[in-house]
1. For PHE126, all conditions in the list (1) aromatic (Phe, Trp, Tyr); (2) assigned to a helix (DSSP H, G or I); (3) under 15 Å from the mean Cα position of the chain (by Cα) hold save one; what is the number of the exception?
2. Restricting attention to region 45-69, report how many residues are closer than 22 Å to GLU119 by Cα and among the charged types (D, E, K, R).
3. From the list ARG256, ARG321, ARG329, pick out the single residue that is touching a residue at least 40 places away in the same chain (Cβ under 8 Å) and out of contact with any Asp or Glu (no Cβ under 9 Å at 6 or more places or on another chain).
4. Out of all the residues in region 43-80, which are more than 22 Å from GLU127 (Cβ to Cβ) and either at pLDDT 95 or above or not in a helix (DSSP H, G or I) (or both)?
5. Taking only pairs six or more apart or across chains, which ones have beta-carbon atoms under 7 Å, a first residue in region 365-378 that is at positive phi, and a second residue that is modelled with pLDDT of 80 or more and not in a helix (DSSP H, G or I)?
6. Looking at GLU113, GLU28, GLU83, which is the one that is of a type in the set (D, E, K, R) and free of Cβ contacts under 8 Å to residues at least 40 places away in the same chain?
7. Can you confirm whether region 98-110 contains a residue that is assigned to a helix (DSSP H, G or I), among the basic types (Lys, Arg) and outside the structural domain of VAL330 (by TED's automatic domain parsing)?
8. Identify, please: which residue in region 130-189 is at pLDDT below 90 and among the hydroxyl-bearing types (Ser, Thr, Tyr) and is, among those, farthest from ARG72 (Cα to Cα)?
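The values are calculated or read from the model by the stated rules, or taken from the named source; none is laboratory data. This is a predicted model, so every value here is computed, not measured. All Cβ positions, even for glycine, are placed from backbone atoms using ideal geometry, and neighbour counts span all protein chains on display.
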Amino acid sequence: MPKNLNGEKPRQARAVQRDEIILDAAQEILADSGWRALSLLSTAEAAGVSRKSLHTRFTGKPALAVAVWRDRLVNPLLKILEESLTAGGLLSTQASASDFEASLSSAAKPSQELLASVELLIISLFEKELQDEIKRDFSKQIINWCTPKSGKATRAICAKRAYVIMLVLGYILASRIPSDKESIKVRVTSYNLFESLQEVREPETLPNFTFTHLDEEIDFETGDPALEALFNATIKTVGARGFDGASINAIANAARYTEGLLFARFKTKLELFLAATHASNVIGLRKNNAAMLKIQQGHSFGIAEAVMMRESLKPGIERGRALHMEQLRVAWAVPDLKATIVKEIEDFIKTAQNERNYWAGDDAFNFIHYSYALGLGLSLLATINPNAYQLPFSVVTSPMEERLRQPE
């Protein structure tokens, strides 16, 4: 007989039914309001059961999250990833452009299950119990898909799989950003990517170029030593502990300033986080663009993009990637932070259109949304598969770039 949520002996049908109601409620809270809104109390109220029954079944919030992930979320997330890879001809020879478009469309306009799943993927960066559960099955499958095997999967095939996985995860994440979701259409981008995936290319030798700024303490160029220290301390502490786990005291200690000075500059932790992450994003985007342009002095944009992906996936910059994910996650429930991200996306669009003049016309928004989503998915893939940086992404980025440059 099957085990119940906690691996115990089978229980009465009524108790099992109550478990189902509890997990449904927890999933809905995660999808609609996020991790900060999830608690044993909020779940009990939403499920219409007593708080005592939640405490009897789960030791705490992380244990509840593990149960939701295992019983509700991991299979739908693996399913859409497998469908995308299969339709792209990366798990079988039966590639289908229409099925590929359909799977990417489902990611761009995700179900409640998919929204809740990426919320927990981000939270797992800071919750070991959840992280261990995700590694047990989900990460294991992703790594299996993306690991070259003699006679089964070449490095090129694995790079294509990893690219598609990043895009699917990124589309789900990007759906949280305020926008006219009805205007997001993946037809053109999915067609170009599908055709690029069908091309057989040998991996190209990439230039030995290092994005050193990804691993350096940020110079915010404020001219204010205290503000510089507070910003860097915020980024490091949140990157290591998550926003909810980063206390004002921990940030002040990391900055080597008093809490009094911190509150003299910022009314709340959220206000400090908003200011620090916005400043970090502006500088990071500028340095990324400068690095990309330098590579393009002797190489194509496709090669420069493959180098950027390699450098951004490398081990050693986990806190920066975690911060990127936390900013997005916290913004889902904070209007001011949402507005900041929307402004940054608008700036990203202007920069992208200036540098890539073929990103114009009716499909410009969809191409840029695709690029933004890919960057989000990259940060997640690096946490799921630490060896992904070794894959030759030029087998996708080069043909994609060439296709986009072709005249209509």
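1. That leaves (2) as the condition not met.
2. Looking only at region 45-69, we keep the residues that are closer than 22 Å to GLU119 by Cα, and these are 45-47, 54, 58-69.
Those left that are additionally among the charged types (D, E, K, R): 45, 61.
The number of residues fulfilling the criteria is 2.
3. On the way: ARG256 fails: touching a residue at least 40 places away in the same chain (Cβ under 8 Å); ARG329 fails: out of contact with any Asp or Glu (no Cβ under 9 Å at 6 or more places or on another chain).
Exactly one of ARG256, ARG321, ARG329 is touching a residue at least 40 places away in the same chain (Cβ under 8 Å) and out of contact with any Asp or Glu (no Cβ under 9 Å at 6 or more places or on another chain), namely ARG321.
4. Taking region 43-80 first, the residues more than 22 Å from GLU127 (Cβ to Cβ) are 45, 48-50, 52-53, 79-80.
Answer for region 43-80, where residues must be more than 22 Å from GLU127 (Cβ to Cβ) and either at pLDDT 95 or above or not in a helix (DSSP H, G or I) (or both): GLU45, GLY48, VAL49, SER50, LYS79, ILE80.
5. Filtered contacts from region 365-378: no entries.
6. Working: GLU113 fails: free of Cβ contacts under 8 Å to residues at least 40 places away in the same chain; GLU28 fails: free of Cβ contacts under 8 Å to residues at least 40 places away in the same chain.
Of GLU113, GLU28, GLU83, the one residue that is of a type in the set (D, E, K, R) and free of Cβ contacts under 8 Å to residues at least 40 places away in the same chain is GLU83.
7. At the first step, the residues of region 98-110 found to be assigned to a helix (DSSP H, G or I) are 98-108.
Subset that is among the basic types (Lys, Arg): none.
No, region 98-110 has no match at all.
8. First, the residues of region 130-189 that are at pLDDT below 90: 150-153, 174-189.
In the following step, the residues that additionally are among the hydroxyl-bearing types (Ser, Thr, Tyr) were identified as 150, 175, 179, 183, 189.
On the way: SER150: 34, SER175: 20, SER179: 27, SER183: 29, THR189: 30 Å.
Within region 130-189, the match that is farthest from ARG72 (Cα to Cα) is SER150.
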